[in-house]
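Heads up: the structure comes next, in structure tokens.
Only the coordinates and a few stated rules stand behind these numbers; no lab work does. Computed from a predicted model, the values in this text were never measured in an experiment. Every residue, glycine as well, gets a Cβ built from its backbone with ideal geometry; the counts of neighbours run over all protein chains shown.
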Amino acid sequence: MTIPFHRAAPATLALGLLLAGCGAGGGDAPRPTSAGAAATTGWSGRGEVGEAIALLNKGDPVAARARLMGLLRQQPNDSVAASLVRQIDANPETLLGTESFAYVTRATDTMSSLAGRFLGNPMLFYALARYNGLAAPGTLSAGRTLRIPGREKREAARPEKPAVAVRAPAIVPRAPEARPVPSPAARANPAQAATLRAAGLEQMNRGAIDRAVALLTRASQADPGNALIRRDLTRAIRIQRTVHGRS
């Protein structure tokens, strides 16, 4: 994202980044006390900007703006001071845009580090704080969800490995299991045999010997091990032969 702010000279920008880091912790930057100190930094307004950043981090934009405007009256071309004044005065969405994505802060995050990471300029920390409704950037804590201007950059998806065809093992049909043939005793139905025996004896008493033999034969098949049924069947067959022999 390109933010329409003037670039500072390298020495000025380096000092501005240093002050932004100090401001994230809420401390005041030291004011140069001699011409030698100003010459070392290459920027005579270091103390004013540092104090303004500390005030912004504490949530006092009025006092910070007053210091910055005093500096700009002496040094109208100071781009860092002018940028901070614009961040105080302008609508943050006008500066940073309306499109954004969510980001959850970590313990090591500060507004200046996030501005440097996502906006390319740590000195945009105050605009980013106002963008999220945070009056005092120095109070940023871990676990807070922020709006970060722009679109989230995601890592390119890794190509999926081609699927390897797995052949299913051949299914060998099983031979049907041989079922044991039930023995005559296992097939016996004593209840049915008793019913057929009673009916056969009744027919034999009535003189219907052929019907009696048929019923007793079925009774013997229903209960092959029943000795009484075999005896009755043998007697009925003997009577049947006698009757048919006479006829």
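Observations on the model:
- Ranked for footprinting exposure by Cβ neighbours inside 10 Å, fewest first, Met204, Met69, Met111 give Met69, Met204, Met111.
- A simple packing score, the average count of other Cβ atoms within 10 Å per residue, orders the peptides 219-229, 76-86 as 76-86, 219-229, with the highest score first.
- Calculated FRET efficiency for the pair Arg174/Arg230, C-beta based, R₀ 45 Å, to 0.05: 0.55
- Note on the range 188-246: Kirkwood hydrodynamic radius from all Cα pairs is 10.9 Å, rounded to one decimal.
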